[in-house]
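Chemist: Sending over a structure as structure tokens; questions will come in a sec.
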Amino acid sequence: MLTMNASRPSGLLLKSGLRLAVCPRPVSTSAVLWKGEERVVRKDIRDHPSNHPYRSDWQSGQYYDPRKFKSEFLKPKRTKYDYEDIECRFGTWFDPENIGWSTWQFKRPFDWNNNPLRDKQKEPGPEDKNWHDKPAHVFHPFTKVLEGEKQGLLLTKSKWMQKEGNNGTLPQHITDLGNNITVPDYEQRVREAILYAHEHDTQDAMVSRNQSAQYIMSQLLYMCSTLTGQYPQLLDRRVVDGMDVTANWHRGEDLVQTKGKIGTMMLSKSPLPPFANPDDIAETVNHELESIFPVAPIIDLQVANIYTTEDHTGFLDGYSFPHMHTLFLLNIDRAARRRHMTVKMMMFAHANCLARARQLYGDAEMDLPEPITAQGVAMEDGVFHFLVYQLNTTKLREDGGVKNMVWLDCDNRLYNYMYLMDHAANLWPVKKRKRWVKINKKRLETGLLEYNPDVFKKFVGMYMNGVASSHQTQSGQHGST
């Protein structure tokens, strides 16, 4: 409550019956503030505008005085507030010593966490039903590992098959499928999909990374699905988004957990066939995992004491498409690199295969009688990374024994650079634009630089795996010719 009592009848008469003083000379006024049951009186608000309880000097208190125009109006003094605690519009009490020295800073920022109207929520502790004294090291979709593929191989107890330097190759079966199966007019259709995704699929100055990547991936999947007339088994596939996968296993004395909703997943009614024969699996016993000492494999994983030890593939019991076929990831975040994308595919493919193996064979650690396989495709700025994973054993605690298998084929660039003429006309200088157009005149006819059709063949081989074999496709092509 604030009331103004004028000491003389001069000024304007308001409708409320009060008079407002307009003279520049000081007028004896008083302010009545209510703080609980106390009655606080502040006098001479007109003489000392900085004492105004609701607004600062530059908002409310300065009156024109020619004698003090330069010193007080243009350069207000920074004086500390000397009034008592007052009630503000938010219903909280402020300590004048914590308000500050600036005249324009009247009240502190509103903190909802310290507001008495909010219920105090206690941090979860040992009283939680899912609390465990032994912490778990969680790998979630936003985890970024330090050592890349080496760290992922250690966490999953896997061997990198057909490794060549920092890269590798896919199994020969998938490569043959991509070379033998052809999509009608696939080169022209892939070019048109890339051009549309980068030029025409927006009304803004530039297509967003998320929008262009999703459109290109969806168009590639659609072109592969057009082969359904030749291979009716493709009708036994489903593509879903945001599958929730959870799996737990021990590596040494550490409990590792992979959980979270991840990318787009293609499911099938029948599992993928194994990529390696029993002899190749037996040879992994002699393989030694590469160490990353002095870095611990769990250095980047999140430590949590509240977790569940149940494994979940993301499918309900009795689901018609219970088998994971291929995981598709899009690198929308520029901070993610190749090592982050490949390890993310590896960890979630391992988690899904491990959860599926425990559903089929139980929780006991064993060498699987029939390996479980999965695939992964990651895309970032026109570069594709392909992964094939085969789970051979659930004995993951020790480094010895049979190892799991991983095939990686990374850094497959579908197109090198997408140039937009509209952007060049708006952003580049005239000389630079003319020089670039003169050098790349032929390449501008299609809009793509260094387009590589072999990458789409690998994509087709990954998609058609489990439906057709290389011998069937070769015989079918010879019969048609």
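Here, each number is a calculation from the coordinates, and none is a lab measurement. Every value quoted in this text rests on a predicted model; they were computed, and no experiment measured them. When we count neighbours, we look across all protein chains shown, and the Cβ atoms used for this are built from the backbone with ideal geometry, even at glycine.
Chemist: Please compute the net charge surrounding residue 174, taking Lys and Arg as +1 and Asp and Glu as -1 over other residues with Cβ under 15 Å from its Cβ.
Modeler: -1
Chemist: Using a/c under 1.5 as the rounded threshold, could you call segment 227-282 rounded, prolate or oblate? The axes a ≥ b ≥ c are square roots of the C-alpha gyration tensor eigenvalues, and prolate needs a/b larger than b/c, oblate otherwise.
Modeler: Details: a/c = 4.55, a/b = 1.40, b/c = 3.26.
Note, shape of segment 227-282 comes out oblate.
Chemist: Something else now. From the square roots a ≥ b ≥ c of the eigenvalues of the alpha-carbon gyration tensor of segment 264-305, which class results: rounded (a/c under 1.5), prolate (a/b over b/c), or oblate?
Modeler: Oblate, because a/c is 1.5 or more while a/b does not exceed b/c.
Chemist: Note the full-extension length gain between residue 366 and residue 233 as 0.36 nm times their separation in residues minus their Cα-Cα distance, in nm to one decimal. Could you put the intermediate results ahead of the total?
Modeler: Working: separation 133, 0.36 × 133 = 47.88 nm, distance 3.24 nm.
Roughly 44.6 nm would be gained on extension.
Chemist: Rounded if a/c is under 1.5, else prolate if a/b is larger than b/c, else oblate: which is segment 132-269, with a ≥ b ≥ c the root eigenvalues of its Cα gyration tensor?
Modeler: prolate
Chemist: Which entries of 134/261; 344/403; 159/344; 150/395; 150/344 have Cα-Cα distances beyond 21 Å here?
Modeler: 134/261
Chemist: While we're here: Given a Förster radius of 25 Å and the C-beta distance between residue 291 and residue 140 as r, what FRET efficiency does 1/(1 + (r/R0)^6) yield to the nearest 0.05?
Modeler: That pair, residue 291 with residue 140, gives E of 0.50.
Chemist: Ordered by packing density, taken as the mean number of other Cβ atoms within 10 Å over each peptide's residues, highest first, how do 460-468, 243-251, 125-133 rank? Don't skip to the answer; put the middle values down first.
Modeler: Values: 460-468: 22.9, 243-251: 19.4, 125-133: 9.6.
Taking the mean over residues of other Cβ atoms within 10 Å, the ranking is 460-468, 243-251, 125-133.
Chemist: What is the magnitude of the charge dipole of segment 158-283 about its Cα centre, with +1 placed on the Cβ of each Lys and Arg, -1 on the Cβ of each Asp and Glu, and no other charges, expressed in debye to the nearest 20? Present the calculation step by step, with values, prior to reporting the outcome.
Modeler: Values: 11 positive and 16 negative charges, 60 e Å.
The dipole of segment 158-283 has a size of about 280 debye.
Chemist: Also: Pick out, from 329, 351, 374, the residue whose Cα sits farthest towards the positive end of the charge dipole of segment 323-381, with +1 on the Cβ of Lys and Arg and -1 on the Cβ of Asp and Glu.
Modeler: The listed residue farthest towards the positive side: 329.
Chemist: Right, here's the next one. Multiplying the sequence separation of residue 306 and residue 283 by 0.36 nm and subtracting their Cα-Cα distance, what value in nm do you get?
Modeler: Contour length minus the Cα-Cα distance gives 4.4 nm.
Chemist: List, largest first, the extents of the alpha carbons of segment 294-353 along their principal axes, each in whole Å.
Modeler: Computed over segment 294-353, the largest-to-smallest principal extents equal 44, 31, 19 Å.
Chemist: I need the Kirkwood Rh of segment 247-354: take the reciprocal of the average 1/r across all distinct C-alpha pairs and report it in angstrom. Intermediate results must be reported in sequence, preceding the final value.
Modeler: Working: mean 1/r = 0.0599 Å⁻¹.
Computed over Cα pairs of segment 247-354, the Kirkwood hydrodynamic radius comes out at 16.7 Å.
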